[in-house]
Amino acid sequence: MDPKTKIESRHLDFYYGHKQALKDINIIAPANKVTALIGPSGCGKSTFIRTLNRMNDVIPGARVDGEILLDGVSIYSPKIDVVELRTKVGMVFQKPNPFPKTIFDNIAYGLRIGGMKHRKKIAEVVEKSLRKAALWEEVKDRMRENAFALSGGQQQRLCIARSLAVDPEVMLFDEPCSAIDPIATAKIEDLIQKMKQNYTVVIVTHNMQQAARVSDYTAFLMLGELIEYGDTPQIFTNPKNKLTEDYITGRFG
Amino acid sequence: MERQFDEELKTLQEKLLYMASLAQESISIAIKGLKERNEKYTDKVMEQEKEINLLDIEIDELCMRLLALRQPMAVDLRLITASLRISSELERIGDQSVNIVERTLELLKVPLLKPLIDIPRMATLAEGMVRDSITAFVNRDAALARNVCERDDEVDNLNDQIFREILTYMMQDPSSLKRAVDLILVGRHLERIADHATNIGEDVIYFVKGKTIKHHFEKFNYDSHS
């Protein structure tokens, strides 16, 4: 049986002012799978992932045509509450961006905003989230320290824990490992693969080996167009499109 | 865009090509020794087999290094995995040539059982299959590779024919048994060589098309040569 579609784009066009950044993109991210977006710089992969939780809304002159459906519901419909959407569709960015607060408060913040008041409950969720992000053992005795005291890789996992705390359904990763070392990268990759038990994951990466390692499906974009989409093993062993082949074997870039 | 990696892949292919030429030559030398009833070809085949074995190791090591250091994808990955397989097939072909030489040394001790007709024909076919399978690899020619696979039947049929024919000699004259069995074995070794060429053909198709045809290729009846 085909896996259930969690989030998908249908005939998605995206413009920065007059410049069209995405052209008729149709991509499916199946539930409880990892979908990777790869492509050369400027191909639109980051733009695409940002349309999935409307992070592009704030960019002046940006315009979207077509649809993004989350569980079959258009996220660009006027009925959608963007704040609620972003709790459902969490995002982790290229550079770790913890709040200038304690480790504990970084995670508790979203919970309090969401109306959680019970201290014990908050502490419970903080611990659970840190455990899910494989960070708990490293920080359990440092909860009152400033988040910036953590290493880059730890900060990135803190950001993941922060997203997980508000109980998302989809996790978006925009080049999550580009600013951290290989050991920390391996931890994050491992985490991403474990996360798919509970979440649907979409990841943008410059690192093709990373896409090959962590994802179930891969989409290759170039100049704002979707060139090829398929099972990750197929894309990396036997791509159908010459452009995909040339890109992943490093014949251009 | 030419990559540094392409240079390394070229080296790999050149090594494989050289190994194939040795393997192919070792078949014809081995059969020449049998036909001309001449021992002097024996050493040459043994020597080449040693060289083939060394190349097999060298190619394995090069492939492992490229896999580890370059993390190849797509066609590059298929080229390297195909090279690994082809190199093992060629190594086995070298072994089979040595087997033929060993039979020859036995056969030289006694008079010829019968004039050799089908065995040299079979050798020519098998050698041609090896040559074409490697040409298909070098030229990325899936059609030629498929053609090689299809020719395996001819060799199998010849082998059956040789077997039946020699069987009649065995029945007529039990004292010919040793010679007869040695000839049957030579046929068997050539038949195996053709199988290795067929495997190379299948590897080439996978390399070029990304499609596996082995084990369930509908036109083939693998039972006949297992």
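Here the Gaussian network model covers chain A, with springs between Cα atoms less than 10 Å apart; of A:ASN198, A:ASN238, A:ASN207, A:ASN238 fluctuates the most. Taking a threshold of 21 Å on the Cα-Cα distance, which of the pairs A:LYS240/B:LYS211; A:LYS95/A:LYS128; B:LYS40/B:LYS109; B:LYS35/B:LYS109 fall above it? Flagged as over cut-off: A:LYS95/A:LYS128. Our Cα-only numbers for chain A put the radius of gyration and Dmax at 18.2, 57 Å.
Between amide H atoms placed 1.01 Å from N, distances below 5 Å from A:LYS33 occur with A:VAL201, all of them 5 or more places distant or on a separate chain.
Once backbone amide H atoms are built at 1.01 Å from N, A:TYR76 has A:ILE68 as its partners under 5 Å, excluding neighbours fewer than 5 places away on the same chain.
Taking all Cα pairs closer than 8 Å and separated by 6 or more residues, the relative contact order of chain B comes to 25 percent.
Note on the range B:4-225: Cα convex hull, mean projected area over all directions, 12.1 nm². Rounded to the nearest 10 degrees, what's the angle between the helix B:142-172 long axis and the longest principal axis of chain B, both from Cα atoms, 0 to 90? Approximately 20 degrees, to the nearest ten.
When B:MET46, B:MET122, B:MET64, A:MET91 are sorted by how many other C-beta atoms sit within 10 angstrom of their C-beta, beginning with the fewest, the order is B:MET64, B:MET46, A:MET91, B:MET122. Any chance you could give the angle, 0 to 90 degrees and rounded to 10, that helix B:177-209 forms with the longest Cα principal axis of chain B? Tilt relative to chain B: about 20 degrees.
Solvent-free Debye calculation, one equal scatterer per alpha-carbon of the range A:2-76: log10 I(q)/I(0) at 0.15, 0.28 Å⁻¹ equals -0.48, -1.46. Listed by Cβ neighbour count within 10 Å, with the fewest neighbours leading, B:HIS196, A:HIS11, A:HIS18 appear as A:HIS18, A:HIS11, B:HIS196. The DSSP beta bridges internal to the protein assembly as shown are antiparallel in roughly 60% of cases.
Take each residue in B:66-75, count the other chain C-beta atoms within 10 Å of its C-beta, and the mean is 4. In the range B:120-220, Cα pairs under 8 Å separated by at least six residues give a relative contact order of 42 percent. Over all other residues within a Cβ to Cβ distance under 14 Å of A:LEU150, the charged ones net out to +2, with Lys and Arg as +1 and Asp and Glu as -1. With the convex hull constructed from alpha-carbon coordinates only, the protein assembly as shown shows a mean projected area of 29.6 nm² over all directions. Put simply, the amide H of A:ALA21, placed in the peptide plane, has neighbours under 5 Å in A:PHE14, A:TYR15, A:TYR16, leaving out anything fewer than 5 places away on its chain. Per-residue ellipticity at 222 nm, computed for chain B from helices alone with -39500 (n - 2.57) per DSSP H run of at least four residues, works out to -29500 deg cm²/dmol. Angle of helix A:182-195 to the longest C-alpha principal axis of chain A, folded into 0 to 90 degrees and rounded to 10: 90°. Look at A:ILE80, B:ILE117, A:ILE27 and count the other Cβ atoms within 10 Å of each Cβ; fewest to most, that gives B:ILE117, A:ILE80, A:ILE27. Would you list, by chain and number, the aspartates and glutamates whose Cα falls below 15 Å from the Cα of A:LYS33, excluding same-chain residues fewer than 8 positions away? Within reach: A:ASP2, A:GLU8, A:ASP71, A:GLU169, A:GLU189, A:ASP190, A:ASP216, A:ASP231. Each Cα pair under 8 Å and six or more residues apart adds its sequence gap; the mean of these over the residue count of the range B:149-198 is a relative contact order of 52 percent.
Any read-out appearing in this document is the output of simple, stated calculations on the displayed coordinates, not a laboratory observation. Keep in mind the model is a prediction, meaning the values are calculated, not measured. As a convention, Cβ positions derive from the backbone with ideal geometry for all residues, glycine included, and neighbour counts pool all protein chains shown.
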